[in-house]
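All of the numbers you see were taken from the coordinates with simple rules; none came from a lab. Here the structure is a predicted model, which means the values were calculated and not measured. Heads up, the Cβs are rebuilt from the backbone with ideal geometry, glycines too, and the neighbour counts pull from every protein chain shown.
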């Protein structure tokens, strides 16, 4: 009996005659051959989640088994592309559909099969190779050299290898395996998206994922290969923060997943990235970026797949030995897609209607992050950092998606609507946020930036906490009742907030600050605070005088000093000393 | 494609019909239901199985019987005939003309669900729309192709505000920008249309819009869909989709710049909840279905611009927040989809300030690209950030003054207090007919900023202070 549809309800299709099907097998549904995936089996009926709109599909239509699990194409050509949730290039969809609207049943391969790439072998005939070994390279973009690797689960001796212009399906090498067979190898690898790519082992990372954002790098730094969460209510700046990270973080390859978010935002990334210059390399940002866009009005099941598609591509570049950063905006939409499918399968709901496996799926996703020792010879090291945005309903962090994510991420950047209302950006709450990487990174900061970097960081955090306590007192009794020392804490905290933490993502100079410069700005603020100690201790000192010192305006401008003129901070510090000293009443 | 009729209605509950013995109807297929007395109703297939179809009515189930009711499956999805002649016409919430005019001869029949716009085919919206309202133009700049809802509460003047925006909105011409508004009045290029959809609003409110359009002569270039409070609830599910189908046709095929006003989205969501409850689905927060985010997205995302097409769709949905609670699922999910929101505030309204748009909580995500040199003026984005920051501080100080007394404030705080009051009465407050150019609004902004000590102005560039701040 051939497989036929017996029920259609939204993205869920049930078919009978599916005894041959396996879990997570890709199937083609109905006459239009819509892409679907088997997610439940009962005897000979299978539940299928369909990645395209099912309007018009009727019982009795055929279902076709493909024998494959949902996989992505991995080969040169990924960078600079924009894909939908199941790796169909959106530009080709537009071409094939002949319309700006996404219609159904469009079958386009993930990667172009005709583009010629200049393959340069890096091993010679007779070399013994195993999974992960680099066979040769292709200059994929001006920024990234694509390393063509021996696919996982393969081992043998290179029988032949050819250089020159090749498509991704051309045979570039033959490998003689242990049983004496010659196996052809192409540049194209396929990998099932729900299975993590193998590595030799995981490592503890001591490298900083520099982002150019002052509050992140200095106060709540993340390690390369780390996992972080950015939860926040709408309007608090999740997307702006994610985009800033994609633009300025010092990873070599960026995977940006727009999962169930706004269409115009993806368009913004698409129009902006080709023109933006990467501060670390001087090349357009698009050359190191892969975009995955499954906007909120695109089919919900493909949204569920999009994060896996993204992370598999990310792992592939990690395996080449690159530092990869993946941004998923927003993982709440991914969780909701799971909830929707679970509801249609009539599964027993867990918290707030989410399926009971929400926690394990979330953990499984974030665990694919990490700093690793790659498969293959040459001791390559790669890292995959994952930063997931969360959109908690009503901005309430106690909801299941936030809580399940916090259990598996080590960096928590809490966005705060109240800060956003005051136009304090990035609206990251310094009292709620935390990082668990500070200790691992402490030595790196000390070595590469300054000995006392971590000391300054802790001092800043302490002052901000003290400010919070003092503000409660001020609210009750006013500023006048505070001691000069306490007033100084408030003043320093204010400078940290306004002159250091506040950062304008739209200002070309302000958008990116190197960690070295961040350190100098903070040091200048503390220089001021330290110089003021003897001044405020004078009897009957009028605090207002200190507050209105013109040098404070200069400190406020320090964040706009060009990166190339770090020496300006030396002058600034001398000026601070002189200016504050002028308030000493000399006997 | 059997145009078969079935008389096998097994059960009717709320807006849902179970039809037995049906084998091959398509999901989402449209059906025509004939009552024993000859009346017709429209529905669509929500779930199709071997031997059973679940049909959702778009009209009330009153008078329906399990016996004698005939269901005909029409072999196509819900399509709507669209035409340029629809301009100037009024339709019911299910798309029937109700103004006594002739039937529409459709130029094209289109699926009301539309198709998602390919993100790679979109054009990023960056044309500044001057609404003539200071709080929107300066602080929450509206952009052509944006979806910017008004978050309101019961009894707040959201209709007036939406009507004022629809009436005054225009894109600045190059000449306007160069002359800084000195030569306002030049007509801009292009064709304009308003598509208005009312869902479950009162008769008065629907009348208000109708008269408003008539008064200003805008009715000839408007298409109205009216589902008032006494019309069937389930019809509301189709109403915004019909409106957007017409809007898409006008924008992307007939080159119109279309403003779509949808009011009130809260009623739409309630209708959605009703259908979901009737289907006995697992409810999400507050009983709303778990797929409400996706469902709302299929409405809101139908705004924007497309590369190579002249027209655009700008959406201004209105929703009333139950108990003014922004964390309620309806405003919450809306805020996650739309590109910002204009929030109305009850305490401002009680002070007699119109429009009661509160800067805290209002936001336009697309404003960055529409502010500044070439679009409006170089000092615009700095002014935006500075006014909002000053006002937020002023409000804080005001709360402090209530506890401690005004006399205990220091000079700076007193300045902020004065700023906050002046900001409310001079900047936020304006007349219902008052159409301020962006340059007037900026001028008021600079005047207000002069109340605050210069050392506090960290968000505006000092060169701009020298250039634009009125000299004392």
Of B:172, A:415, how do they rank once you tally other Cβ atoms within 10 Å and put the fewest first?
-> B:172, A:415
Nearest 10 degrees, 0 to 90: what angle lies between the long axis of helix A:438-448 and the longest principal axis of chain A (Cα atoms)?
-> 70 degrees
Which percentage, to the nearest 5, of the DSSP beta bridges contained in chain B is antiparallel?
-> 60 percent
Counting only DSSP beta bridges with both partners in chain A, the antiparallel fraction in percent, to the nearest 5, comes to 70 percent
Taking each residue of A:167-180 in turn, how many C-beta atoms of other protein chains fall within 10 Å of its C-beta, and what is the average?
-> 0
Full extension between residue A:160 and residue A:563 adds, at 0.36 nm per residue less the Cα distance, a length in nm of 140.1 nm
Nearest-0.05 FRET efficiency for residue B:178 and residue A:506, computed from C-beta distance (R0 30 Å) | 0.80
Rg/Rh for the protein assembly as shown: what does it come to with C-alpha atoms and Rh from Kirkwood?
-> 0.99
Over chain B, the sum of -39500 (n - 2.57) across DSSP H runs of at least four, divided by residue number and rounded to 500 deg cm²/dmol, gives at 222 nm -9000 deg cm²/dmol
What percent antiparallel are the DSSP beta bridges of the range B:163-301, to the nearest 5?
-> 5 percent
Globularity ratio of the range B:328-472, using Cα Rg and 2.2 N^0.38 Å | 1.11
Kirkwood hydrodynamic radius (Cα pairs, Å) of the range B:113-236?
-> 16.8 Å
Relative exposure of A:129, A:269, judged by other C-beta atoms within 10 Å (fewest first) | A:129, A:269
Rounded to one decimal in nm, the spacing of the 7 Å Cα→Cβ label points at residue A:41 and residue B:418 is 7.9 nm
Placing one equal point scatterer on each C-alpha of chain B and summing with Debye, one gets log10 I(q)/I(0) at q = 0.07, 0.11, 0.12 Å⁻¹ equal to -0.42, -0.91, -1.04
Residue A:118 versus residue A:530: modelled label distance in nm, points set 7 Å from Cα along the beta carbon direction = 5.4 nm
In which sequence would A:179, A:84, A:107 go, from the one with the fewest C-beta neighbours within 10 Å to the one with the most?
-> A:179, A:107, A:84
Protection proxy ranking of B:89-98, A:201-210 - average other beta-carbon atoms within 10 Å, highest first | B:89-98, A:201-210
Ordering of B:253-265, B:59-71, B:234-246 by packing [mean C-beta count within 10 Å, highest first] = B:234-246, B:253-265, B:59-71
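Share of Cα-Cα pairs in the range B:5-76 beyond 13 Å, in percent?
57 percent
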Calculate the mean, over all residues of peptide B:402-411, of how many other protein chain Cβ atoms lie within 10 angstrom of the residue's Cβ.
-> 3
Förster radius 60 Å - calculated FRET efficiency between residue A:472 and residue B:5 (Cβ-Cβ, nearest 0.05) = 0.25
Inter-label distance, nm, simple model (7 Å from Cα along the C-beta direction), residue A:570/residue A:431 = 4.1 nm
Cα-derived Rg over Rh, computed across chain A with Rh taken as Kirkwood radius = 1.04
When ranked by the protection proxy of mean other Cβ atoms within 10 Å per residue, highest first, what sequence do the peptides B:13-23, B:117-127 form?
-> B:117-127, B:13-23
Sum of -39500 (n - 2.57) over DSSP H runs of 4+, divided by residues of chain A (222 nm, nearest 500) | -9500 deg cm²/dmol
Calculated diffusion of the range A:446-585, Stokes-Einstein form, Kirkwood radius summed over Cα pairs, 20 °C and 1.002 mPa s, µm²/s = 134 µm²/s
Average beta carbon contacts from partner chains per residue of A:6-12, 10 Å cutoff = 6
Compute the acute angle (0 to 90°) between the alpha-carbon long axis of helix B:380-404 and the principal axis of greatest extent of the alpha-carbon atoms of chain B; round to the nearest 10°.
-> 80 degrees
